[in-house]
Amino acid sequence: MSTTPSLEDVAAVMAADSEQSLLDVVRKSATALGFDHFMLGIEVSRPLLKPVQHVSSGYPLAWRRIYADKEYAWKDPTVSHCKRLATPLVWSEAMYPAQSRDLWEDSRAHGIGFGMSIPVHDFAGNKSMFSLARDQPMDPDTGVLEHVMACALVLASCAHFVMNRLIVPGLLSKVDPMLTARERECLAWTAKGKTAAEVGMILQISEATAVFHLNNMVRKFNVANKTQAIAVGVAMGLVN
């Protein structure tokens, strides 16, 4: 039996000030819609850089361990769908190919065999997925399903916005190389076409010191030269 999350519930999602508070308010709405479990995931993609993912899961711990141990993400049809498409997916047995039958059987055994996944793609290239799961089939009534889907779409969009605000900055800070203030200055001026000698003059340091900072930057970015480093710096938002 599903009900409609209230406007207060939606507002609570938007007002979440931590990952845990986001999980708490989304759990309340998922329960109101008739689901036992949920999952939120986001992937940040930037040119020249590896995608970075984060999952906030309301799934049972035992299932999360099995899912990780068996590396089910590589064969999960909900994940591949949400990466490729921006349309909602109602789960069915038919979406599991032969090589994913073990995933289907294990998920049902842990009470998450039925549900839906809602992808959200934004203009910055970030993609999120909001999955709702339960141990019983979805209500076959078209009106009920449309109602649940409409509510889930709103929650997915709100959660995507909040994850971008709460989770993405910290996520990127853990994977992006840390440049010193001087390295950032050298990067900025080099991106404007200045040579190492000119950078040294502008920053009142020797050319050799400017080269030292530029070489450190290249090493931290794991690239071959300063041109590639500028490209990575642009992708990271360090260069305007």
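Tabulated values for the structure
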{"item": "Accessible area of Val26 in the full protein assembly, 1.4 Å probe (Å², nearest 10)", "result": "10 Å²"}
{"item": "Å² of accessible area per residue within the chain, as computed with a 1.4 Å probe and no ligands counted", "result": "53 Å²"}
{"item": "Area of Asp17 that stays accessible when all protein chains are in place (1.4 Å probe, Å², to 10)", "result": "120 Å²"}
{"item": "Distance violations [Cα-Cα > 28 Å] among Lys28/Lys83; Lys127/Lys174; Lys127/Lys194; Lys70/Lys127; Lys75/Lys127", "result": "Lys127/Lys194"}
{"item": "Cα gyration tensor shape for the stretch 35-95, rounded if a/c is under 1.5, else prolate or oblate", "result": "oblate"}
{"item": "In degrees, nearest ten, helix 142-166 long axis to first principal axis of the chain (Cα)", "result": "20 degrees"}
{"item": "Of all accessible heavy-atom area on the stretch 131-236, the percent that carbon and sulfur account for (1.4 Å)", "result": "58 percent"}
{"item": "Heavy-atom accessible area ranking, 1.4 Å probe, most first, across Phe123, Phe221, Phe161", "result": "Phe123, Phe161, Phe221"}
{"item": "Cα gyration tensor, the stretch 42-170 - rounded (a/c under 1.5), prolate or oblate", "result": "oblate"}
{"item": "Cα point-scatterer Debye curve for the chain, base-10 log of I(q)/I(0) at q = 0.17 Å⁻¹", "result": "-1.16"}
{"item": "Surface share of carbon and sulfur [accessible, 1.4 angstrom probe, percent] for the stretch 44-108", "result": "57 percent"}
{"item": "Gyration tensor (alpha-carbon) shape descriptor, the stretch 98-182, a/c threshold 1.5", "result": "oblate"}
{"item": "Ranking by accessible area, most exposed first, for Ile205, Ile42 with a 1.4 Å probe", "result": "Ile205, Ile42"}
{"item": "Cross-link partners of Lys220 among aspartates and glutamates (Cα-Cα below 12 Å; sequence separation of 8 or more within a chain)", "result": "Asp176, Glu183"}
{"item": "Isotropic mean projected area of the C-alpha convex hull, the stretch 163-240 (nm²)", "result": "5.2 nm²"}
{"item": "Alpha-carbon centroids, the stretch 11-87 and the stretch 131-160: separation in whole Å", "result": "15 Å"}
{"item": "Accessible-area value, Leu153, 1.4 Å probe, nucleic acids and ligands omitted, Å²", "result": "70 Å²"}
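The values are calculated or read from the model by the stated rules, or taken from the named source; none is laboratory data. Here the structure is a predicted model, which is why all the values come from computation and not from measurement. Remember, those area values only see protein heavy atoms, side chains included, never the ligands or the DNA or RNA. Shrake-Rupley method; radii C 1.70, N 1.55, O 1.52, S 1.80 Å.
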